[in-house]
Amino acid sequence: MDDVFARFSEDRWDDFLDELDKIRVSVVDPAERQQVKATARRDAREAGSQPLLVRMALADHYLNLLAIGVWAGDESWRADLRDLVVSLVPENDESRDDGLLSSVIAVVLAQLLQDARLRGGSEADVIARSAWDKAQEWAAYAEERYIERLLHASTEAGARVVTASEVQEVVELATAAADDQHAETLAALEAEGLSAEVMNGVWVVDGDFRNPVRAAARAITLTGYGCVLARNIRSSAVMLWHENTLAMADSKVPRWRVYPILAPVTPQSKFSGGEGLPFTRETHPLAPAPEVVRRLADAVGVNLSHLLAALR
């Protein structure tokens, strides 16, 4: 660990932000960037063995390097920053200032969520999600007075910085998630332009989308195993998904169609083709519902008769 971080080894919380200002850098010689990146990666790997204030300083230093363009065109920073924010979750016996610590965590999470989605499938999405799962409950306690001091500004080419509004979105989502187990999923659906609510265990998606089947497939990919009813003013579609099996029916074609869903296939990718439904050899009358559909309904905890009524 570089000597520059030794100043944070002592338990001096009141001086933390002032000390950060002293070590922040405004430029790195392009010829030195690879070495600077290698050192930052090493520090990220070793952060877990350091005092909490040192871990916080290392996280801010990483954000500082992003802000001055050290990682321009290189996305490898995401995994390191994920490891750093996970290391910030304190042990029970560690002394801390909860507001300050939570603010650092919120800013780092905002950086990881930039150009990433909590419910997406890209590498950036998966990294952001793993960081969120470990640290999001702390982000809810971030304080504006600290956030302002922790933000970085830069005009460097390739710079990565977050804004106060991006951090506030993280804080608000973390706060909502603490009060509502569905808050994250609702936010993900809203980001896709899908208005949803949970009714008796069913994600009900209403909108002016042209194809309810595609809307249902997108929604159930975001929500995960369960049940989605997507409907517009003309028609509706239902999907039940558990483990490797998905059943769907829509009001225009009153039959159950059953599909295997094996990774990396998702419901969204399965139904993303042309206007028609993807082929399956397994189709059944809508009622009485076949055994496979009844099993799926039981597995995800929904009332099958209510679903059938919604399709008629």
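A few notes on this one:
- Under 5 Å from the amide H of Lys252 lie the amide H atoms of Ser236, each residue being 5 or more positions distant or on a separate chain, with H modelled from the backbone and absent for Pro and chain starts.
- Evaluated at q = 0.09 Å⁻¹: base-10 log I(q)/I(0), Debye formula over Cα of the chain: -0.57
- Sorted largest first, extent of segment 3-179 alpha carbons per principal axis (Å): 49, 40, 27
- The chain: most fluctuating residue of Gly121, Gly276, Gly226 per GNM, C-alpha cutoff 10 Å: Gly276
- Between 0 and 90°, nearest 10: helix 123-139 axis offset from the chain longest Cα axis: 70 degrees
- A straight chain from Asp3 to Ser122 at 0.36 nm per residue would run longer than the Cα-Cα distance by 39.2 nm.
- Relative to the dominant Cα principal axis of the chain, helix 52-67 is inclined by about 80°.
- FRET efficiency estimate (nearest 0.05) - Cβ-Cβ, Gln35 to Glu10, R0 25 angstrom: 0.30
- Contour excess over end-to-end distance, with Cα ends at Glu144 and Lys22 and 0.36 nm allotted per residue: 41.8 nm
- Using a probe of 1.4 Å on the protein chains alone, the accessible area found for Glu148 is around 120 Å².
- Element breakdown for segment 188-311 at a 1.4 angstrom probe: carbon and sulfur atoms account for 51% of the accessible area.
- Taking the centroid of alpha carbons for each part, segment 14-83 and segment 101-138 are 17 Å apart.
- Accessible surface of Tyr225 - all protein chains present, 1.4 Å probe, nearest 10 Å²: 130 Å²
- Cβ-Cβ FRET estimate between Ser305 and Arg210, R0 fixed at 22 Å, reported to 0.05: 0.20
- Carbon/sulfur fraction of accessible area - segment 77-178, other protein chains in place, 1.4 Å, %: 45 percent
- For the chain: accessible area per residue (Å², 1.4 Å): 49 Å²
The values are calculated or read from the model by the stated rules, or taken from the named source; none is laboratory data. Keep in mind the model is a prediction, meaning the values are calculated, not measured. Every residue, glycine as well, gets a Cβ built from its backbone with ideal geometry; the counts of neighbours run over all protein chains shown. Side chains included, ligands, DNA and RNA excluded: accessible areas come from the protein's heavy atoms. Shrake-Rupley method; radii C 1.70, N 1.55, O 1.52, S 1.80 Å.
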